[in-house]
Amino acid sequence: MSQPPLSPGDSPLVREALSSVVSRETAAPGKPAADGPVGYSARRDGDWPRPPKTRVICICNQKGGVGKTTSAVNLAAALSMHGLRVLVVDLDPQGNASTALATEHRAGTPSIYQVLVEDLPMESIVTQVPDMPGLFCAPATLDLAGAEIELVPMVGRETRLRRAFAAYESAQMDYILIDCPPSLGLLTVNALAAAQEVLIPIQCEYYALEGLTQLLQNVELVRVHLNQTLNVSTILLTMYDGRTRLASQVAEEVRSHFGATVVDAVIPRSVRVSEAPSYGQSVMTYDPGSSGAMAYMDAAREIAYRGAAVAEA
């Protein structure tokens with residue numbers, strides 16, 4: 001088996017680790033090494049299963065800096081690299097997901113703001129991400145910052161995004177990932193009302209569980225009053241620092257509370273993950289051999305196969 005392509009930025013340690021993965025896979029074809037990273041083996045295992053219908057996943061947490069946008073972008077990139085068509089809807093006025101996906105979102109650009117406030121059709125703002133077949137983005141501009149106020153007097157203000165999805169040919173997408181702002185305002189409520197699943201990124205630090213009760217209460221309120229199909233399907237542990245005892249304690253506590261909802265893969269703190277958006281890329285293309293890229297690949301694979309298992313059941 002030929003060695004996978006290496007990024008110019010790969011260190012000798014990464015090269016040695018990847019060579020080790022390749023050699024172990026050669027010895028046992030089709031089986032990832034039990035004692036080593038599986039990111040590259042996940043990339044080489046062909047197309048992942050397509051869901052029977054579009055999975056609309058809302059990525060939210062009212063705490064800022066927990067990895068919502070980073071997770072949305074990198075999970076989307078990983079899914080698209082395995083034959084799936086993915087749309088990232090940037091619902092954060094900061095537009096960071098649009099930046100990371102190299103999608104134009106300057107003032108005046110048609111964006112999700114026009115879809116919510118002016119009833120512009122979704123297809124008119126969706127653009128393909130450069131050099132990433134199968135990955136699309138609905139961008140956000142700073143205009144979205146005023147949408148919370150402008151939506152207040154509108155009829156059906158909580159379900160405008162859901163109606164936009166209903167009018168959009170969403171069946172052509174396998175996944176729609178909605179990147180929410182760090183709040184529980186009308187934008188996040190619109191995302192929850194439009195989604196089937198909620199993915200909550202939880203930072204492996206002291207304040208991780210603060211506010212989580214309020215978030216879960218809001219999810220339940222939306223489920224009861226606006227969207228009965230909504231459920232918290234996935235919890236993703238992010239910014240894990242294996243050098244600290246605190247990180248492992250937080251991870252253990254989250255797993256004890258939420259059980260199988262927590263993804264097995266844990267996203268480590270990674271400089272490469274932080275650097276990638278400044279180059280208009282996800283870490284999956286910026287440095288596919290980095291620990292962060294391999295962790296997101298594993299998490300995306302687990303999410304895809306979990307969804308397939310649920311559909312079969």
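The values are calculated or read from the model by the stated rules, or taken from the named source; none is laboratory data. Predicted model only: the values in this text are computed from it and were never measured. As a convention, Cβ positions derive from the backbone with ideal geometry for all residues, glycine included, and neighbour counts pool all protein chains shown.
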Item to complete: May I ask you to list the residues in region 205-229 that are under 17 Å from Gly185 (Cβ atoms) and in a loop (DSSP other than H, G, I, E, B)?
Response: Gly211, Leu226, Asn227
Item to complete: Answer with yes or no whether Leu246 is of a type in the set (A, V, I, L, M), assigned to a strand (DSSP E or B) and in contact (Cβ under 8 Å) with a residue 24 or more places away in the chain.
Response: no
Worksheet, complete the sentence: The number of residues in region 193-241 that are touching a residue at least 12 places away in the same chain (Cβ under 8 Å) and loosely packed, with under 12 Cβ neighbours inside 10 Å is 5
Worksheet item: Pick from region 265-284 the residues that are over 16 Å from the mean Cα position of the chain (by Cα) and assigned to a helix (DSSP H, G or I): which of them is nearest to Gly242 (Cα to Cα)?
Response: Val271
Worksheet item: Of all helices (runs of 4 or more DSSP H) completely enclosed by region 22-112, which ones contain at least 2 residues that are at pLDDT 80 or above?
Response: 68-80, 96-100
Response to the item:
Filtering region 285-313 for residues that are over 19 Å from Ile59 (Cα atoms) and in a helix (DSSP H, G or I) leaves a count of 9
Worksheet item: Restricting the first residue to region 257-278 and requiring it to be within 16 Å of Arg306 (Cα to Cα), which pairs with a second residue that is of a type in the set (D, E, K, R) and modelled with pLDDT of 90 or more meet a Cβ separation below 8 Å and a spacing of at least six or different chains?
Response: Val262/Arg255; Val263/Glu302; Asp264/Asp298; Asp264/Glu302; Ala265/Asp298; Ala265/Glu302
Discussion item. Taking the conditions exactly as written (under 18 Å from Ser233 (Cβ atoms), under 20 Å from the mean Cα position of the chain (by Cα) and among the hydroxyl-bearing types (Ser, Thr, Tyr)), does Thr141 satisfy them or not?
Written reply: no
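Could you list all residues from region 140-165 that are more than 12 Å from Asn190 (Cβ to Cβ), of a type outside the set (S, T, N, Q) and not in a helix (DSSP H, G or I)?
Matches in region 140-165: Ala140, Val152, Pro153, Val155.
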Worksheet item: Taking region 96-130 only, how many residues are within 19 Å of the chain's Cα centre (by Cα), surrounded by fewer than 24 Cβ atoms within 10 Å (Cβ to Cβ) and not aliphatic (A, V, I, L, M)?
Response: 5
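Tally the residues that are of a type outside the set (A, V, I, L, M, F, W, C), surrounded by fewer than 21 Cβ atoms within 10 Å (Cβ to Cβ) and more than 13 Å from Phe136 (Cα to Cα), restricting the search to region 169-188.
Qualifying residue count, region 169-188: 4.
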Worksheet item: Which condition number does Ala251 fail, the rest of (1) touching a helix residue (DSSP H, G or I) at 6+ places or on another chain (Cβ under 8 Å); (2) touching a residue at least 12 places away in the same chain (Cβ under 8 Å) being met?
Response: (1)
Worksheet entry | Cβ-Cβ under 7 Å pairs, at least 6 apart or on other chains, region 97-117 side closer than 18 Å to Leu161 by Cα, far side modelled with pLDDT of 90 or more and of a type in the set (Lys, Arg) | Leu116/Arg160
Discussion item. Looking at the structure I just gave you, is Arg255 over 26 Å from Val86 (Cβ atoms) and assigned to a helix (DSSP H, G or I)?
Written reply: yes
Discussion item. For region 166-204, which positions are of a type in the set (A, V, I, L, M), assigned to a loop (DSSP other than H, G, I, E, B) and under 28 Å from Ala308 (Cβ atoms)?
Written reply: Met173, Ala195
